[in-house]
Amino acid sequence: TRPSDPFAHVGDIVTLSVVDHVAHVALHPSPTLTNTCSTMGETVRVLQVVAPTSGAVSFTVVDEAFTPVEPVEAYLAHLVAIERSPNTVRAYASSLKLFFEYLESREIAFDAVQLDDIGRFVSALRAPAEGVIVIDASLSRRAESTVNRHLAAVFGLYHFHARHGVKVAEELIGW
């Protein structure tokens, strides 16, 4: 059975479409997102957005009040504008969801992130799930390729905003 709050189900994608100026929200189970959703908290969510006239699909990240997370929204809109695949946009949205949950849990502002914060985020991604007893310390929660995809999304976000005049730590864009 589904929980009473349908948005609390880890791994779901919420589809938001607008018809006649009325927002319609639909919940779609998404096993492909299950492995990328965080146990750090469900304070932000990935939304699938469907354009009412063209049916074009995109993704965004929203906070608890369903307000788009502005730095992520601008970056994902840029990815759509340069015609990145919807799958790429979805993957980056889920990666940035994890990152912003991490920042919120540590009370770190987007524009105050330092390289050490990124290192701690990577450690959190690699840590086993809560309640798991680790027998083989070489096992991590996520594959290296998955962690690298999350980092590509995070560094892409910071490069995008640095090119658009947002002051961010020089070490985040000097790579």
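Summary table
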item	result
Arg126-Thr53 FRET efficiency (beta carbon distance; Förster radius 45 Å; 0.05 resolution)	0.55
Amide hydrogen neighbours beyond the local backbone of Arg141, cut-off 5 Å, H modeled	Ala127
Amide H contacts under 5 Å for Phe59, placed H, 5+ residues apart	Val49
Region 63-115 - Rg (one decimal) and Dmax (whole number), Cα, Å	11.9, 34
Chain lengthening between Leu115 and Glu73 when straightened (0.36 nm per residue, less Cα-Cα)	12.9 nm
Other-chain or far-sequence residues with amide H under 5 Å of Thr43's (modelled H)	none
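Every number here is computed from the coordinates shown, using simple stated rules; none is lab data. Predicted, not measured: the structure shown is a model, and the values here were computed from it. Using ideal geometry, Cβ is built from the backbone for each residue, glycine included, and neighbour counts are taken over all protein chains shown.
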